[in-house]
Amino acid sequence: MNRVPRYPITDDHIHLDPVNGIGIAAAKEFQRAAGTHLFLVAKPSWSHGIVPSRGEDYRPVFEATLSMAREVRGLGLGVFAILGVHPAEISRLSEQMPLDRAAGVMQEGLTLAAGYVRRGEAVALKSGRPHYPVEPPVWEASQSVLRHALALGADCGCAVQIHAESGPCADVVEMARDTGMDPGRVVKHFATPDTPLVPSLIARHEMIPSLCREGRTFTMESDYMDERSRPGAVIGPRSVPRFTLRLLGEGAITDEDIWRIHAETPSRVYGVEIHLP
């Protein structure tokens with residue numbers, strides 16, 4: 001029988017894949033390590049063997065994510081789905097079709113994802129821009145996709161989690177405002193602390209204690225990929241609870257820090273309720 005957890009511990013960005021990875025077993029590892037809530041992020045279309053030619057082709061990706069969420073919820077974990085289109089899809093799709101059409105397919109996929117948010121089946125959208133060097137036309141096309149995601153987030157009243165280049169991504173603040181999106185609800189996945197967006201920090205980030213002392217707002221994530229070909233990448237499913245409790249035990253963070261990181265901040269940013277049973 002699982003012990004009643006003392007603190008909420010939330011992984012802000014995790015993938016679970018019952019086909020290419022270990023699926024529900026990873027969620028059980030997270031729970032055994034004292035994890036209580038997770039934001040389950042849709043994997044790229046290629047992880048499902050899909051090469052989309054229209055937005056509707058993303059539906060099986062989203063449905064698989066929601067099916068996994070329902071299964072994990074059965075363990076007693078709090079699960080929130082984040083649906084969208086990985087920004088690296090622009091490179092793959094533009095090999096199959098003209099660049100403007102590739103961007104259009106990604107925008108259609110995001111519009112489809114927004115429908116799930118409006119129905120309450122997901123809590124946020126996933127988008128971004130390439131985290132690797134690309135030619136200017138690809139960058140501009142990616143920017144148009146990101147602007148579309150932010151506009152959808154504003155329209156749905158939901159958060160947008162972005163995958164982008166390392167660094168602050170400060171220009172996204174103005175981009176968000178231009179679309180009517182609150183920058184305080186734009187989460188930078190795998191963030192650096194210098195971002196003006198909401199940083200989601202990898203759980204092993206060495207600046208977590210100092211940021212806590214400064215009272216900074218951020219969340220924690222594993223970015224666990226759940227792929228048998230890369231076990232434990234980026235870090236394993238037990239990482240967020242283990243690093244959190246280790247820092248607490250060392251006196252590097254406080255009880256109040258845990259509640260702020262794992263409950264107050266994600267509840268505010270995503271518009272959800274994170275609490276203990």
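The values are calculated or read from the model by the stated rules, or taken from the named source; none is laboratory data. Just so it is clear, the structure is predicted and the values come from calculations on it, not from any experiment. All Cβ positions, even for glycine, are placed from backbone atoms using ideal geometry, and neighbour counts span all protein chains on display.
Structure above, values below:
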read-out	value
Test: residue in region 235-242 that is more than 19 Å from VAL187 (Cα to Cα) and surrounded by fewer than 17 Cβ atoms within 10 Å (Cβ to Cβ)	no
Options ILE253, ILE274: the member that is in a loop (DSSP other than H, G, I, E, B), in contact with an Asp or Glu (Cβ under 9 Å, 6 or more places away or on another chain), touching a residue at least 24 places away in the same chain (Cβ under 8 Å) and not acidic (Asp, Glu)	ILE274
Of residues in region 17-76 being part of a loop (DSSP other than H, G, I, E, B) and among the polar types (S, T, N, Q), the one nearest to ALA103 (Cα to Cα)	SER53
Candidate set: region 90-115, residues that are under 16 Å from the mean Cα position of the chain (by Cα) and under 12 Å from ALA42 (Cβ atoms); chosen: the one surrounded by the fewest Cβ atoms within 10 Å (Cβ to Cβ)	LEU110
Filter pass, VAL4 being closer than 23 Å to GLU273 by Cα and assigned to a loop (DSSP other than H, G, I, E, B)	yes
Region 195-250 - residue that is of a type in the set (Lys, Arg) and in contact (Cβ under 8 Å) with a residue 60 or more places away in the chain and, of those, farthest from THR10 (Cα to Cα)	ARG228
Candidate set: region 170-206, residues that are farther than 24 Å from TYR116 by Cα and hydroxyl-bearing (Ser, Thr, Tyr); chosen: the one surrounded by the fewest Cβ atoms within 10 Å (Cβ to Cβ)	THR192
Subset of region 24-42 [in contact (Cβ under 8 Å) with a residue 60 or more places away in the chain and either within 30 Å of GLU95 (Cβ to Cβ) or surrounded by fewer than 16 Cβ atoms within 10 Å (Cβ to Cβ) (or both)]	ARG32, VAL41, ALA42
Failed criterion for GLY167 (all others in (1) surrounded by 15 or more Cβ atoms within 10 Å (Cβ to Cβ); (2) within 30 Å of PRO241 (Cβ to Cβ) hold)	(1)
Region 133-160 - residue that is outside any helix (DSSP H, G or I), of a type outside the set (A, V, I, L, M) and in contact (Cβ under 8 Å) with a residue 24 or more places away in the chain and, of those, nearest to HIS189 (Cα to Cα)	CYS158
Test: VAL145 is buried (at least 18 other Cβ atoms within 10 Å of the Cβ), under 17 Å from MET181 (Cα atoms) and modelled with pLDDT of 95 or more	yes
Verdict on HIS13 being modelled with pLDDT of 95 or more, surrounded by 19 or more Cβ atoms within 10 Å (Cβ to Cβ) and closer than 30 Å to SER144 by Cα	yes
Every residue from region 49-68 that is more than 30 Å from GLU273 (Cα to Cα) and either out of contact with any helix residue (DSSP H, G or I) (no Cβ under 6 Å at 6 or more places or on another chain) or surrounded by fewer than 21 Cβ atoms within 10 Å (Cβ to Cβ) (or both)	GLY49, ILE50, VAL51, SER53, ARG54, GLY55, GLU56, ASP57
Condition met for ASP226 (more than 20 Å from the chain's Cα centre (by Cα), buried (at least 17 other Cβ atoms within 10 Å of the Cβ) and acidic (Asp, Glu))	no
Hey, GLN96 closer than 14 Å to ARG54 by Cβ, among the polar types (S, T, N, Q) and not in a helix (DSSP H, G or I) or not	yes
Scope region 99-132; condition under 23 Å from GLU221 (Cβ atoms), part of a helix (DSSP H, G or I) and out of contact with any Gly (no Cβ under 9 Å at 6 or more places or on another chain); matching residues	TYR116
Selection from region 252-277 of residues that are under 23 Å from ARG185 (Cβ atoms) and modelled with pLDDT under 95	HIS275
